[in-house]
Amino acid sequence: MEVGKNRIRCAWAGSDPLMIDYHDSEWGVPLHDDRRLFEMLVLEGAQAGLSWTTILRKRPAYRKAFDGFDPEAVARFDRRRIEDLLSDPGIVRNRLKIEAAVLNARAVLEAQKRFGSLDACLWQFVGGRPIRNAWKTSGRIPAETSASLAMSSGLRGRGFRFVGPTICYAFMQATGMVNDHLVGCFRYREVSRIARGAPAIARLQVEEAGPGPEAL
């Protein structure tokens, strides 16, 4: 745990003002906007092998490069546009990650057709409601769970890439599908209150998006 300005935070927030702001205002808050959810899928995939601080610093450049994470726009990116992105120093210039972002945009459009929204497609893996954990130390927080395994399998089956179970769990933490703030962190209760006031997403049959935990 970290103490700063009389507030106790999760240790990963550290002392970087950008990370502190992200921890204090975004991480763990239930997210239901399709464009923002697509953004977080792309950014979590881009983080693989890198630090989240690096990705946060590049987020403004990512938003510009990927047309504000409009999935319809990104789905139209062709080979020339991908080559242009590979020369953009503001983002992670990894061909596989960039190509995955374009494929994921196309998969988002298909998910919206099937489920009505990307939101409904993703939140089904936690039954439409955030999971509130009660971790006292960061060492107890898992890297993946049965829910993230199910999400990973389901999304891969729908054409998504860079959605392994660890990436999916980080995504679930970031978007408030689970509250993994430590119980001693000042944001734990705040996020819990926000989650209680958030509307439930209608639970869909998991087989619509892929196999559930019992099938893995």
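The values are calculated or read from the model by the stated rules, or taken from the named source; none is laboratory data. Just so it is clear, the model here is predicted, and its values are computed rather than measured. Here Cβ is always computed from backbone atoms with ideal geometry, including for glycine, and neighbour counts include all displayed protein chains. Ligands, DNA and RNA are stripped out before the accessible areas are found, and what is left, the full protein with its side chains, is counted by its heavy atoms. Shrake-Rupley method; radii C 1.70, N 1.55, O 1.52, S 1.80 Å.
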Along each principal axis, Cα extent of segment 11-105, largest first, Å: 41, 28, 19
Can you tell which of Arg95, Arg59, Arg80 shows the greatest fluctuation in a Gaussian network model of the chain with Cα springs below 10 Å? Arg80
Roll a 1.4 Å probe over the protein chains and send me the accessible area per residue for the chain in Å². 48 Å²
At 15 Å minimum axial length over the Cα atoms and a Kyte-Doolittle cut of 0.0, report the qualifying DSSP H helices in the chain, or say none. 95-115, 146-157
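Once you sort the root eigenvalues of the Cα gyration tensor of segment 60-142 as a ≥ b ≥ c, which label holds: rounded (a/c under 1.5), prolate (a/b larger than b/c) or oblate (the other case)?
Details: a/c = 3.01, a/b = 1.48, b/c = 2.04.
It comes out oblate by the Cα gyration axes.
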Could you please state, rounded to a whole Å, how far the C-alpha centre of segment 114-153 is from the C-alpha centre of segment 1-61? 17 Å
Gaussian network model of the chain, Cα springs within a sub-10 Å range: biggest mean-square fluctuation belongs to which of Met19, Met177, Met151? Met19
With all protein chains present, segment 70-163 has a carbon and sulfur share of its accessible area (1.4 Å probe) in percent of 46 percent
Mind listing which trypsin sites (Lys or Arg not before Pro) in segment 1-75 are in a DSSP loop and have 12 or fewer other Cβ atoms within 10 Å? Lys5
Which residues qualify? For Arg161, with a placed amide H closer than 5 Å and at least 5 residues away or on another chain, they are Asn104
Could you pull out every one of the aspartates and glutamates with an alpha carbon less than 13 Å from that of Lys58, ignoring same-chain neighbours closer than 8 positions? Glu39, Glu44, Asp88
